[in-house]
Amino acid sequence: MITKGLHKKMFRDALFALAIFCVMIFSSCDSKKNADPQKIAEEHNDAKFNTREQEANAHFLTDAAAMCLQQIKLAQLAQQNSIRPDIQERGKILEAEYTKIYKTIIYLASKKTVTLPSDLNDKQKKTDTDLGFEISTDFDKKYIDRVIMDHNDAIEEYRKVQKETTDTEIRSFIEKTLPVLTGNLNLIKTYQQQ
(Lines give C-alpha, C1' and ligand atoms only; values in the text may rest on other atoms or scores of the structure.)
Protein backbone atom coordinates (compact mmCIF):
# COMPACT_ATOMS: atom_id res chain seq x y z
CA MET A 1 0.00 0.00 0.00
CA ILE A 2 2.78 2.39 0.87
CA THR A 3 4.63 1.61 -2.36
CA LYS A 4 1.48 2.19 -4.42
CA GLY A 5 1.00 5.65 -2.83
CA LEU A 6 4.69 6.40 -3.27
CA HIS A 7 4.53 5.48 -6.98
CA LYS A 8 1.51 7.76 -7.47
CA LYS A 9 3.32 10.67 -5.78
CA MET A 10 6.47 10.07 -7.83
CA PHE A 11 4.37 9.86 -11.00
CA ARG A 12 2.62 13.17 -10.15
CA ASP A 13 5.96 14.82 -9.34
CA ALA A 14 7.46 13.58 -12.60
CA LEU A 15 4.41 14.75 -14.54
CA PHE A 16 4.61 18.16 -12.86
CA ALA A 17 8.33 18.44 -13.66
CA LEU A 18 7.62 17.49 -17.28
CA ALA A 19 4.90 20.14 -17.51
CA ILE A 20 7.26 22.83 -16.17
CA PHE A 21 9.97 21.70 -18.60
CA CYS A 22 7.53 21.94 -21.55
CA VAL A 23 6.42 25.44 -20.50
CA MET A 24 10.06 26.56 -20.29
CA ILE A 25 10.87 25.09 -23.71
CA PHE A 26 7.84 26.61 -25.42
CA SER A 27 8.33 30.02 -23.83
CA SER A 28 11.99 30.12 -24.87
CA CYS A 29 11.03 29.13 -28.42
CA ASP A 30 8.39 31.84 -28.45
CA SER A 31 10.85 34.53 -27.33
CA LYS A 32 13.26 33.60 -30.12
CA LYS A 33 10.40 33.48 -32.59
CA ASN A 34 9.50 37.09 -31.76
CA ALA A 35 13.11 38.34 -31.84
CA ASP A 36 14.00 41.03 -34.36
CA PRO A 37 15.59 39.30 -37.39
CA GLN A 38 17.72 42.35 -38.16
CA LYS A 39 19.13 42.49 -34.62
CA ILE A 40 19.86 38.76 -34.71
CA ALA A 41 21.75 39.20 -38.00
CA GLU A 42 23.69 42.15 -36.57
CA GLU A 43 24.63 40.15 -33.45
CA HIS A 44 25.91 37.29 -35.63
CA ASN A 45 27.93 39.75 -37.70
CA ASP A 46 29.37 41.52 -34.66
CA ALA A 47 30.62 38.15 -33.41
CA LYS A 48 32.22 37.34 -36.80
CA PHE A 49 34.07 40.51 -37.71
CA ASN A 50 37.03 42.16 -36.02
CA THR A 51 37.64 45.40 -37.89
CA ARG A 52 35.53 48.52 -37.86
CA GLU A 53 35.22 48.47 -41.66
CA GLN A 54 34.11 44.83 -41.77
CA GLU A 55 31.49 45.57 -39.14
CA ALA A 56 30.37 48.73 -40.98
CA ASN A 57 30.08 46.83 -44.29
CA ALA A 58 28.13 44.04 -42.61
CA HIS A 59 25.83 46.61 -40.98
CA PHE A 60 25.27 48.29 -44.35
CA LEU A 61 24.42 45.01 -46.10
CA THR A 62 22.07 44.10 -43.25
CA ASP A 63 20.30 47.46 -43.47
CA ALA A 64 20.16 47.33 -47.26
CA ALA A 65 18.65 43.84 -47.15
CA ALA A 66 16.04 44.93 -44.59
CA MET A 67 15.16 47.94 -46.74
CA CYS A 68 14.76 45.72 -49.82
CA LEU A 69 12.53 43.28 -47.96
CA GLN A 70 10.40 46.20 -46.80
CA GLN A 71 10.17 47.72 -50.29
CA ILE A 72 9.24 44.38 -51.85
CA LYS A 73 6.41 43.98 -49.34
CA LEU A 74 5.24 47.58 -49.82
CA ALA A 75 5.30 47.14 -53.61
CA GLN A 76 3.13 44.04 -53.25
CA LEU A 77 0.70 46.00 -51.09
CA ALA A 78 0.60 48.78 -53.72
CA GLN A 79 -0.40 46.23 -56.35
CA GLN A 80 -3.16 44.86 -54.12
CA ASN A 81 -4.49 47.92 -52.30
CA SER A 82 -3.94 50.99 -54.44
CA ILE A 83 -6.94 52.39 -56.25
CA ARG A 84 -4.64 54.13 -58.77
CA PRO A 85 -3.53 52.06 -61.77
CA ASP A 86 -0.25 54.03 -62.06
CA ILE A 87 0.69 53.15 -58.47
CA GLN A 88 -0.31 49.50 -59.01
CA GLU A 89 1.92 49.36 -62.11
CA ARG A 90 4.78 51.10 -60.30
CA GLY A 91 4.36 48.50 -57.53
CA LYS A 92 5.08 45.72 -60.05
CA ILE A 93 8.18 47.52 -61.28
CA LEU A 94 9.43 48.25 -57.76
CA GLU A 95 8.88 44.66 -56.68
CA ALA A 96 11.01 43.44 -59.59
CA GLU A 97 13.73 46.05 -59.02
CA TYR A 98 14.04 45.44 -55.29
CA THR A 99 13.99 41.69 -55.75
CA LYS A 100 16.95 42.06 -58.14
CA ILE A 101 18.77 44.36 -55.69
CA TYR A 102 18.06 41.94 -52.84
CA LYS A 103 19.54 39.05 -54.82
CA THR A 104 22.69 41.11 -55.37
CA ILE A 105 22.87 41.83 -51.63
CA ILE A 106 22.49 38.12 -50.88
CA TYR A 107 25.35 37.37 -53.30
CA LEU A 108 27.62 40.02 -51.73
CA ALA A 109 26.73 38.91 -48.22
CA SER A 110 27.51 35.28 -48.99
CA LYS A 111 30.92 36.25 -50.42
CA LYS A 112 31.70 38.25 -47.30
CA THR A 113 30.08 35.77 -44.85
CA VAL A 114 27.62 38.44 -43.69
CA THR A 115 24.43 37.24 -42.02
CA LEU A 116 21.30 38.92 -43.36
CA PRO A 117 17.89 39.28 -41.71
CA SER A 118 15.55 36.44 -42.59
CA ASP A 119 12.38 38.52 -42.38
CA LEU A 120 10.97 41.95 -41.67
CA ASN A 121 11.38 43.31 -38.16
CA ASP A 122 8.36 44.02 -35.95
CA LYS A 123 8.26 47.73 -36.84
CA GLN A 124 8.26 46.92 -40.57
CA LYS A 125 5.59 44.25 -40.09
CA LYS A 126 3.40 46.72 -38.20
CA THR A 127 3.73 49.25 -41.03
CA ASP A 128 2.76 46.57 -43.53
CA THR A 129 -0.15 45.40 -41.40
CA ASP A 130 -1.43 48.94 -40.92
CA LEU A 131 -1.17 49.67 -44.65
CA GLY A 132 -2.63 46.29 -45.53
CA PHE A 133 -5.96 47.30 -44.04
CA GLU A 134 -6.17 50.42 -46.19
CA ILE A 135 -7.82 50.25 -49.62
CA SER A 136 -8.53 53.81 -50.66
CA THR A 137 -6.90 57.13 -51.33
CA ASP A 138 -5.70 56.89 -47.70
CA PHE A 139 -3.61 53.88 -48.70
CA ASP A 140 -2.12 55.73 -51.66
CA LYS A 141 -1.12 58.73 -49.55
CA LYS A 142 0.33 56.63 -46.72
CA TYR A 143 2.12 54.34 -49.19
CA ILE A 144 3.68 57.25 -51.09
CA ASP A 145 4.76 59.00 -47.88
CA ARG A 146 6.29 55.79 -46.54
CA VAL A 147 8.17 54.98 -49.74
CA ILE A 148 9.54 58.54 -49.95
CA MET A 149 10.72 58.41 -46.34
CA ASP A 150 12.34 54.98 -46.81
CA HIS A 151 14.09 56.06 -50.02
CA ASN A 152 15.42 59.26 -48.45
CA ASP A 153 16.83 57.23 -45.55
CA ALA A 154 18.33 54.61 -47.87
CA ILE A 155 19.93 57.16 -50.20
CA GLU A 156 21.48 58.94 -47.22
CA GLU A 157 22.93 55.68 -45.89
CA TYR A 158 24.18 54.53 -49.31
CA ARG A 159 25.98 57.86 -49.84
CA LYS A 160 27.54 57.74 -46.39
CA VAL A 161 28.85 54.21 -46.90
CA GLN A 162 30.02 55.07 -50.42
CA LYS A 163 32.29 57.75 -48.92
CA GLU A 164 33.56 55.58 -46.07
CA THR A 165 34.05 52.07 -47.44
CA THR A 166 37.20 50.86 -49.13
CA ASP A 167 35.50 47.62 -50.22
CA THR A 168 35.41 47.81 -54.02
CA GLU A 169 32.53 45.34 -54.38
CA ILE A 170 30.31 47.25 -51.98
CA ARG A 171 31.29 50.56 -53.58
CA SER A 172 30.44 49.14 -57.03
CA PHE A 173 27.10 47.86 -55.74
CA ILE A 174 26.30 51.31 -54.34
CA GLU A 175 27.28 53.03 -57.58
CA LYS A 176 24.91 50.77 -59.52
CA THR A 177 22.08 50.96 -56.99
CA LEU A 178 22.03 54.66 -56.06
CA PRO A 179 20.67 55.77 -59.46
CA VAL A 180 17.84 53.22 -59.12
CA LEU A 181 16.95 54.49 -55.65
CA THR A 182 17.14 58.13 -56.75
CA GLY A 183 15.08 57.47 -59.87
CA ASN A 184 12.40 55.65 -57.87
CA LEU A 185 12.33 58.44 -55.29
CA ASN A 186 11.88 61.12 -57.96
CA LEU A 187 9.12 59.18 -59.67
CA ILE A 188 7.24 58.47 -56.43
CA LYS A 189 7.46 62.18 -55.56
CA THR A 190 5.53 62.96 -58.76
CA TYR A 191 2.72 60.70 -57.49
CA GLN A 192 2.61 62.76 -54.32
CA GLN A 193 1.73 65.85 -56.34
CA GLN A 194 -1.16 64.19 -58.22
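Odds and ends about this structure:
- Residues Ser172, Ser82, sorted by accessible area with the largest first, give Ser172, Ser82 [1.4 Å probe; ligands and nucleic acids excluded].
- The value for the range 45-89 of Rg(Cα) / (2.2 N^0.38 Å) is 1.78.
- Among the listed pairs Lys73/Lys163; Lys39/Lys100; Lys112/Lys142, those with a Cα-Cα distance over 26 Å are Lys73/Lys163; Lys112/Lys142.
The values are calculated or read from the model by the stated rules, or taken from the named source; none is laboratory data. Keep in mind it's a predicted model, so treat the numbers as computed, not measured. We work out accessible area using only protein heavy atoms, side chains counted, and drop any ligands, DNA or RNA first. Shrake-Rupley method; radii C 1.70, N 1.55, O 1.52, S 1.80 Å.
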